[in-house]
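Only one structure is covered here, and it is reproduced in the block below.
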Amino acid sequence: MTEPLSKIPAGMRYYFGREARLRRAIEDTAMTIFAGWSYEEIVTPTVDYYSLFDHAMGHSESHRAFRFTDNDGRLLALRPDVTSAVARAAATLFAGRERPLRVCYVAPVFRQQTRSPAEWLRETTQIGCELIGGASHIADMEVLLIVCEFLQSLELKFLITLNQAEVFNGLIQINPADPIFHTDLRHLIAQRNTAALGLFLDRYDTAAREGLAQLANLSGKGQTLSKARQVIYNERSRAAMDQLENLWRLIESLHLADSFEIDLGDVSPLDYYSGLTFKIFVEGAGKPLGSGGRYDGLTASFGADEPAVGFVLDLDGITELLADDSRFGTHEPKDHESDLRSRWQKIYGQKTDATIEEVTR
Amino acid sequence: MILLTIAVAKGRLQEPVLKLLERAGIGFSPDSLSSRRLAIENDTGEYRFLFVKPADVPVYVEHGIADCGVVGRDVLLETTTDLLQPLMLGIGRCQVVVAGRTIAPVPNGGVLKVATKYPRLAAEHFGARGVPVEIITLAGSVELAPVLGLADCIVDLMETGETLRENGLVVVEAIAESSACLVVNRASFHLKADAVNKFTMLLNEQVLGEMTCSK
């Protein structure tokens, strides 16, 4: 049996009319705001070596990519993210540029295998910013403020949850580096599965037991950090929490605490995050519409070790959310003056089927 | 005002869940309970409950149509949905087991034929042991498969073991323990944190109470 030509592959879709205009308007809003913060647009290759993503994102994420081979047999991939290629460019092409380097993009990314059934799209468009060469919480705050400005300009209510990858890393350093142990542990904490987490930790002898068992419950405003200090003692984790504390103070001083939360239980992010990590939740959407964090170690693998922080937002998710929102009118196409077009249309209107005799008469 | 929408698995778990809710102070008017409506509100109007097929609970919750759900762990093990699972409710306890006509089912031609409603779980279980299996996915009455020779064994839920016995099957091994779980949508967990925490606490008090009683 042959497949009908009308069929569309799973996870692919069209945009048209109002929705396409809305999508473009959101993209334009983002790029205008990013330009205001001095972020330069970067376009990365759609097809790249699979090894780039495998190394940067970690195997569990990169293996979801569409993969195929090059003429020489090397494995290629349709990019599953943009950050990996940006980090490589920063360390190579833009190595000589002034720091900090600020770049932004709107680009489709592809996954052959989605993570869960609700994440059905296999092509999604990421809106993102990367700030390379800034190590402090001031740099962290800068990218968070850009997210805030963008979501505020769309009149969306949102909550950004903050964590620091080193809190978890500090807790597991006591244990032998058993990757399966760590993957399972991350999974249970991120699921807030306290019952199963308790049973899991019983099987392992770990000095950080109490801290790990409590991580799943440690979410809330600033006071979460003082609660965390009562169960987490190791220096590495505590240093990470001090950094979060500084960031939180900064957020409070900007009167933005309503839009932020600490969530030490969010331990599921990409392998490359080394410090701050965050997730962006928007009212009305059932899944996070963005995420980001600090990936200080990543550029080192391309020969230049420097700090970096960035975020991505899900353009398709935001479009879907706003498409149901009556505040966002029709986004009618704008008219513009054009001499050639008005002369042409005066004679022929919108006709497309005039004969050559009619046209040259 | 409705604070939370909660999807509850119909069937086996429905009665014990409604009883648990009642003990936790979430009651329903007799009218709404006796009606055939699939979405009912509790008597204070704070919670809306949806009654859906067990396998659909994770779907409603992951899409955020329901903020929370109550469903058996067996269903969660079979899906790849991304949900928070903050609480085991300790009700509707049962096991997922491998069962066959004999304690050691003999594979036909080197490949074990397994009939099941849990294809993912079954494939994972035998895959981890390097046993080559042919998974035969059925929608129900799985116990018939070994009896009629469709499969060498089954992977299925066992509550009392009565159905297995009546069909001449014995338990080969238990794969997983299951009981009702509270699941929460990732976004609701943060955006409706107060309501979700309150609901979780109400249920947790009952779960802890049960545990002390049964000790």
### Task
Please work out the Cα convex hull volume for the stretch A:39-145 and give it in Å³ per residue.
121 Å³
### Computed FRET value (nearest 0.05) for A:Gln152 with B:Thr160, which takes r as the C-beta separation and R₀ as 51 Å
0.35
### Task
Please tell me the relative contact order of the stretch A:150-254 in percent, rounded to the nearest whole number, where contacts are Cα pairs under 8 Å and at least six residues apart.
35 percent
### Charge context of A:Arg203, other residues only, Cβ under 14 angstrom, K/R +1, D/E -1
-3
### Task
Calculate the spin-label point distance for B:Met1 paired with A:Arg115, positioning each point 7 Å from the Cα along the beta-carbon direction, and give it in nanometres.
3.1 nm
### Summary
Over its alpha-carbon atoms, chain A yields an Rg and a Dmax in Å of 23.9, 92
### Task
Please work out the FRET efficiency for the pair B:Ser141 and A:Ile8, using the Cβ-Cβ distance as r and a Förster radius of 35 Å; give the result to the nearest 0.05.
0.45
### Query
Points 7 angstrom from Cα along the Cβ direction at A:Phe181 and A:Arg341: gap in nanometres?
6.6 nm
### For the stretch A:40-81 and the stretch B:20-57, distance of Cα centres in Å
48 Å
### Message
Please list, in order along the stretch B:7-14, the HN-Hα scalar couplings obtained from phi with the Karplus expression 6.51 cos²θ - 1.76 cosθ + 1.60 (θ = phi - 60°), rounded to whole Hz, x for Gly and Pro.
### Response
8, 10, 5, 6, x, 2, 8, 4
### Query
With labels modelled as points extended 7 Å from the Cα through the Cβ direction, what inter-label distance (nm, one decimal) is found for A:Thr69 paired with B:Glu22?
6.6 nm
### Query
Nearest-5 percent of antiparallel DSSP beta bridges in chain B?
60 percent
### Query
So which of A:Lys227/B:Lys192; A:Lys221/A:Lys279; A:Lys157/B:Lys192 end up more than 18 Å apart, counting from Cα to Cα?
A:Lys227/B:Lys192
### Summary
In terms of the alpha carbon gyration tensor, root eigenvalues a ≥ b ≥ c, rounded if a/c is under 1.5 and otherwise prolate when a/b exceeds b/c or oblate, the stretch B:136-195 is prolate
### Query
Per residue Cα convex hull volume for the stretch A:197-274, in cubic angstrom?
108 Å³
### Query
Angle, helix A:339-348 long axis vs. longest principal axis of chain A, Cα atoms, 0 to 90°, nearest 10?
50 degrees
#### Entry: Under 12 Å, Cβ to Cβ, from B:Glu22 - net charge with Lys/Arg +1 and Asp/Glu -1
0
### Query
Using the count of nearby Cβ atoms within 10 Å as a rough guide to exposure, how do A:Met57, B:Met1 rank from fewest to most?
B:Met1, A:Met57
### Separation between Cα centres of the stretch A:146-174 and the stretch A:102-138, rounded to whole Å
14 Å
#### Entry: Residues of type lysines that B:Lys10 reaches as a straight line, Cα spacing below 19 Å, ignoring anything fewer than 8 places off in the same chain
B:Lys19, B:Lys53, B:Lys117
### q = 0.16, 0.17 Å⁻¹, chain B: log10 I(q)/I(0) [Debye, one scatterer per Cα]
-1.04, -1.11
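Here, each number is a calculation from the coordinates, and none is a lab measurement. What you are looking at is a predicted structure, and each value in this text was computed from that prediction instead of being measured. With ideal geometry, Cβ positions are generated from the backbone for all residues, glycine too; neighbour counts draw on all protein chains shown.
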